[in-house]
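Notes follow the structure.
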Amino acid sequence: MDDLDPALLQYFGFTEFRAGQREACEAALGDRDVLVVMPTGSGKSLCYQLPGLMRDDLTIV
């Protein structure tokens with residue numbers, strides 16, 4: 001998804017995703033159910049927050 005990189009920079013100030021984040025965001029934006037299991041400090045919250053910020057509708061986490 002081409003919009004992810006600019007949105008990542010705009011909302012979080014990051015230029016690159018960590019392992020697994022892009023795939024989780026793409027799945028969430030593709031209207032798929034997503035369960036993210038990663039170690040503490042690996043960036044799980046971004047996987048839910050970024051798609052929520054990019055969508056125009058209600059997001060429930």
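The values are calculated or read from the model by the stated rules, or taken from the named source; none is laboratory data. What you are looking at is a predicted structure, and each value in this text was computed from that prediction instead of being measured. Quick reminder, even Gly has a Cβ in these numbers, built from the backbone with ideal geometry, and neighbours come from all protein chains shown.
Among the residues of segment 1-18, which ones are within 12 Å of the chain's Cα centre (by Cα) and modelled with pLDDT under 95?
M1, D3
What are the residues in segment 31-49 that are under 18 Å from T59 (Cβ atoms) and surrounded by 15 or more Cβ atoms within 10 Å (Cβ to Cβ), if any?
Hits for segment 31-49 are V34, V36, G43, K44, L46, C47, Y48, Q49.
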